[in-house]
Structure formats: structure tokens, C-alpha cells
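Remarks on the structure that follows.
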Amino acid sequence: MSDTIFSRIIDGEFGTEFIYEDDICVAFRDINPKEKTHLLIVPKKPIPSIMEADESDEFLLGHLLFVCKKIGEMLKLPGYQLKINVGEHGGQEIFHLHIHLLSKF
């Protein structure tokens, strides 16, 4: 796996508590939350950015969105935002694809 903070979290290096985990992805709380609920949904496959995804990643990308839905239901969130920063000029700071799930609840 590539050496990003997310790959190290996925490998268990920091003992991060996962809100959700399956064979494809993990979800955990952002250490610098921007809302009351701020989770990161991160694929275990180290895709640097959505720009680097290819056709073989189509299922994985859809799965990440469905996991966001499952987490929203699990946490009983009445609404939330999903955000993906793409590339340095799109505000991406960690080059391991991830989705921010943000809610005021």
C-alpha cells in the first residue's frame, strides 16, 4: 500500500477507531472536524485522487457512495453533505482518495 497517513490508518498503525469497515473501505472521524459530524470514508485501495481512478474502479467508487448512505442511516443523520477534493488545486491535501461526510447533526 502507498505510504499516506490514510494507508497507515488502514494498516492499524494508529489504533484509529473505525465507524465502519468492510473489505473495500473504512470510515473514521476526522481529527480536525468542520461540522458536528465529520467522517472520512477511505478506500483500502490507494487511489491517489478521483483523477487517477479508472474504469476498473467503477464498483469501488459506487460502493463508497453507498457506504456513505449506510453510515448516514446508522447515525440517524437527517441530512449531510458529501465532499471530495480533487487534486492540489481542488483543495486535496492527502493524496489517497476519500470522501468527507459532514453534518450539523
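Any read-out appearing in this document is the output of simple, stated calculations on the displayed coordinates, not a laboratory observation. Treat the numbers as computed from the prediction; the structure is a model and nothing was measured. Because the Cβ atoms are built from the backbone with ideal geometry, glycine has one as well, and the counts that use them run over all protein chains shown.
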- At most 10 other Cβ atoms within 10 Å plus a DSSP loop assignment makes a site exposed; report the longest stretch of the chain without any exposed GluC sites (Glu not before Pro). 18-92
- How big is the chain by the Kirkwood estimate over distinct Cα pairs, in Å? 14.0
- Message: Through the Karplus equation 6.51 cos²θ - 1.76 cosθ + 1.60, θ set to phi - 60°, convert the phi angles of region 41-56 into ³J(HN,Hα) values in whole Hz; use x for Gly and Pro.
- Response: 10, 10, x, 6, 6, x, 8, x, 7, 4, 5, 8, 5, 10, 4, 5
- Candidates 78, 46, 33; GNM for the chain (alpha-carbon contacts under 10 Å) flags as most fluctuating 78
- Message: Number of Lys pairs in the chain with C-alpha atoms less than 23 angstrom apart, excluding same-chain neighbours closer than eight positions?
- Response: 22
- Note on the structure: Sites removed, the longest contiguous part of the chain containing no DSSP-loop trypsin sites (Lys or Arg not before Pro) with at most 15 other Cβ within 10 Å is 37-75
- Under the Karplus curve 6.51 cos²θ - 1.76 cosθ + 1.60, θ = phi - 60°, whole-Hz ³J(HN,Hα) for region 61-66, x wherever Gly or Pro sits: 5, x, 4, 4, 5, 5
